[in-house]
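The values are calculated or read from the model by the stated rules, or taken from the named source; none is laboratory data. All figures in this text were calculated on a predicted structure; none of them were measured in a lab. Every residue, glycine as well, gets a Cβ built from its backbone with ideal geometry; the counts of neighbours run over all protein chains shown. Note: areas computed on protein heavy atoms with side chains; ligands, DNA, RNA excluded. Shrake-Rupley method; radii C 1.70, N 1.55, O 1.52, S 1.80 Å.
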Amino acid sequence: QVQLVESGGGLVQAGGSLRLSCAASGFNIKSMGWYRQAPGKQRELVATLTFTNGGSTNYGDSVKGRFTISRDNAKNTVYLQMNTLRPEDTAVYYCKADTSYRVYWGQGTQVTVSS
(Lines give C-alpha, C1' and ligand atoms only; values in the text may rest on other atoms or scores of the structure.)
Protein backbone atom coordinates (compact mmCIF):
# COMPACT_ATOMS: atom_id res chain seq x y z
CA GLN A 1 0.00 0.00 0.00
CA VAL A 2 1.29 3.47 -0.91
CA GLN A 3 0.12 6.73 0.60
CA LEU A 4 0.87 10.11 -0.94
CA VAL A 5 0.72 13.44 0.87
CA GLU A 6 0.97 16.57 -1.25
CA SER A 7 1.75 20.10 -0.14
CA GLY A 8 2.92 23.42 -1.47
CA GLY A 9 0.03 24.69 -3.55
CA GLY A 10 -1.31 28.20 -3.28
CA LEU A 11 -1.89 31.51 -4.98
CA VAL A 12 0.90 33.21 -6.88
CA GLN A 13 1.18 36.02 -9.40
CA ALA A 14 2.12 35.35 -12.98
CA GLY A 15 5.88 35.05 -13.34
CA GLY A 16 6.26 33.73 -9.81
CA SER A 17 7.36 30.37 -8.48
CA LEU A 18 6.01 27.58 -6.31
CA ARG A 19 7.36 24.24 -5.17
CA LEU A 20 5.09 21.27 -4.68
CA SER A 21 6.04 18.32 -2.50
CA CYS A 22 4.75 14.76 -2.51
CA ALA A 23 5.80 12.53 0.37
CA ALA A 24 5.35 8.84 -0.29
CA SER A 25 5.07 5.98 2.16
CA GLY A 26 5.17 2.39 0.99
CA PHE A 27 7.33 0.09 -1.05
CA ASN A 28 8.12 -0.95 -4.59
CA ILE A 29 7.52 2.46 -6.10
CA LYS A 30 8.89 2.45 -9.65
CA SER A 31 8.11 6.01 -10.63
CA MET A 32 6.35 9.13 -9.44
CA GLY A 33 4.99 12.15 -11.18
CA TRP A 34 2.71 15.13 -11.26
CA TYR A 35 -0.44 15.61 -13.28
CA ARG A 36 -2.86 18.50 -13.31
CA GLN A 37 -6.49 19.11 -14.07
CA ALA A 38 -8.05 22.48 -14.79
CA PRO A 39 -11.83 23.03 -14.63
CA GLY A 40 -13.53 21.56 -17.68
CA LYS A 41 -10.35 19.94 -18.95
CA GLN A 42 -8.86 16.46 -18.88
CA ARG A 43 -6.09 15.54 -16.49
CA GLU A 44 -2.73 16.05 -18.19
CA LEU A 45 0.86 15.10 -17.67
CA VAL A 46 3.10 17.65 -15.99
CA ALA A 47 6.23 15.66 -15.16
CA THR A 48 7.34 12.16 -14.25
CA LEU A 49 10.47 10.72 -12.71
CA THR A 50 11.47 7.08 -13.04
CA PHE A 51 13.31 5.61 -10.08
CA THR A 52 15.23 3.18 -12.28
CA ASN A 53 17.04 3.75 -15.58
CA GLY A 54 19.14 6.49 -14.08
CA GLY A 55 16.20 8.57 -12.95
CA SER A 56 14.82 9.56 -16.32
CA THR A 57 12.34 12.43 -16.47
CA ASN A 58 9.53 13.34 -18.80
CA TYR A 59 7.71 16.67 -19.07
CA GLY A 60 4.54 17.90 -20.68
CA ASP A 61 5.20 20.24 -23.59
CA SER A 62 3.57 23.22 -21.89
CA VAL A 63 5.91 23.12 -18.89
CA LYS A 64 9.24 22.19 -20.47
CA GLY A 65 11.94 24.63 -19.47
CA ARG A 66 9.86 26.07 -16.63
CA PHE A 67 9.16 23.14 -14.30
CA THR A 68 11.62 20.68 -12.77
CA ILE A 69 10.85 17.40 -11.05
CA SER A 70 13.31 16.03 -8.50
CA ARG A 71 13.53 13.52 -5.70
CA ASP A 72 14.93 13.36 -2.18
CA ASN A 73 15.66 9.69 -1.66
CA ALA A 74 16.20 10.03 2.08
CA LYS A 75 12.79 11.64 2.55
CA ASN A 76 11.04 9.54 -0.11
CA THR A 77 9.70 12.80 -1.44
CA VAL A 78 9.29 14.11 -4.96
CA TYR A 79 9.27 17.81 -5.68
CA LEU A 80 7.95 19.91 -8.53
CA GLN A 81 9.68 23.26 -8.84
CA MET A 82 7.49 25.56 -10.92
CA ASN A 83 9.01 28.77 -12.27
CA THR A 84 7.70 31.48 -14.53
CA LEU A 85 4.15 30.49 -13.72
CA ARG A 86 1.36 31.51 -16.08
CA PRO A 87 -2.39 31.88 -15.51
CA GLU A 88 -2.91 28.80 -17.69
CA ASP A 89 -0.97 26.76 -15.12
CA THR A 90 -3.91 27.17 -12.76
CA ALA A 91 -5.20 23.71 -11.88
CA VAL A 92 -5.39 21.05 -9.22
CA TYR A 93 -2.07 19.25 -9.20
CA TYR A 94 -2.04 15.54 -8.37
CA CYS A 95 0.86 13.39 -7.34
CA LYS A 96 0.97 9.89 -8.79
CA ALA A 97 3.01 6.83 -7.86
CA ASP A 98 3.39 3.66 -9.89
CA THR A 99 4.27 0.28 -8.44
CA SER A 100 4.48 -3.04 -10.25
CA TYR A 101 0.86 -3.72 -9.40
CA ARG A 102 -1.14 -0.50 -9.39
CA VAL A 103 -1.25 3.26 -9.55
CA TYR A 104 -1.78 5.54 -6.57
CA TRP A 105 -2.97 9.16 -6.58
CA GLY A 106 -2.69 11.90 -4.02
CA GLN A 107 -5.59 14.07 -2.94
CA GLY A 108 -4.52 17.03 -5.08
CA THR A 109 -3.33 20.52 -4.27
CA GLN A 110 -4.67 23.71 -5.83
CA VAL A 111 -2.35 26.02 -7.71
CA THR A 112 -3.79 29.37 -8.77
CA VAL A 113 -1.82 31.84 -10.88
CA SER A 114 -3.22 35.35 -11.09
CA SER A 115 -2.56 37.63 -14.05
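Structural remarks
- Cross-link reach list, lysines versus residue 41, counting only Cα pairs under 30 Å and skipping chain neighbours closer than eight places: 30, 64, 96
- Dipole magnitude (debye, nearest 20) for the chain, charges at Cβ of Lys, Arg, Asp, Glu: 100
- Estimated vicinal HN-Hα couplings, Hz - segment 35-45 in sequence order (Karplus 6.51, -1.76, 1.60; Gly, Pro = x): 10, 9, 9, 8, x, x, 10, 6, 5, 10, 5
- Where Rh is the Kirkwood radius over Cα pairs, Rg/Rh for segment 23-69: 1.03
- Positive minus negative residues near residue 31 (Lys, Arg vs Asp, Glu; Cβ under 15 Å): +3
- Average accessible surface area per residue within the chain, 1.4 Å rolling probe, Å²: 54
- Shape of segment 52-103, Cα gyration tensor, a/c cut at 1.5: prolate
- Potential lengthening between residue 45 and residue 28 on full extension [0.36 nm per residue; Cα-Cα distance subtracted]: 3.9 nm
- Cβ-based net charge around residue 86, under 14 Å, with every Lys or Arg adding one and every Asp or Glu removing one: 0
- Subtracting the Cα-Cα distance of residue 37 and residue 70 from 0.36 nm times their residue separation leaves 9.8 nm of extension gain.
- Residue 71 long-range amide H proximity, modeled H, under 5 Å: 79
- Shape analysis of the chain places it in the prolate category; the axes a ≥ b ≥ c from the Cα gyration tensor give an a/c of at least 1.5, with a/b above b/c.
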